[in-house]
Amino acid sequence: YAVSQVVGCMKGKSAIHIARNYLGQKKNYSGMHFWARGYFVSTVGTDEEVVRAYIREQEKEDHRVEQLSLFK
């Protein structure tokens, strides 16, 4: 399996589980987002600072996308 397939499945199934069991939703509604779009994968190992840098950049990107959606 490709890493993207595994991560996509995990994110999708866990988001549905959380919505149903903790938010009380019986149906899946389009337009709802639980996880960020991206993910970080390393096959050779990384140090903590690399992961922290990725998270900082992802937060900036999420904020940028939110700002753009205000103008739609």
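The values are calculated or read from the model by the stated rules, or taken from the named source; none is laboratory data. Please read these numbers as outputs of a predicted model, since none were measured by experiment. Note that each Cβ is placed from the backbone with ideal geometry, even for glycine, and that neighbours are counted across all protein chains shown.
Can we say Ser14 is among the hydroxyl-bearing types (Ser, Thr, Tyr) and part of a helix (DSSP H, G or I)?
Yes: the conditions hold for Ser14.
Please determine, by comparing only the residues of the range 14-37 that are surrounded by 12 or more Cβ atoms within 10 Å (Cβ to Cβ) and not aliphatic (A, V, I, L, M), which one is modelled with the highest pLDDT.
Step by step, filter the range 14-37, then rank; the result is Ser14.
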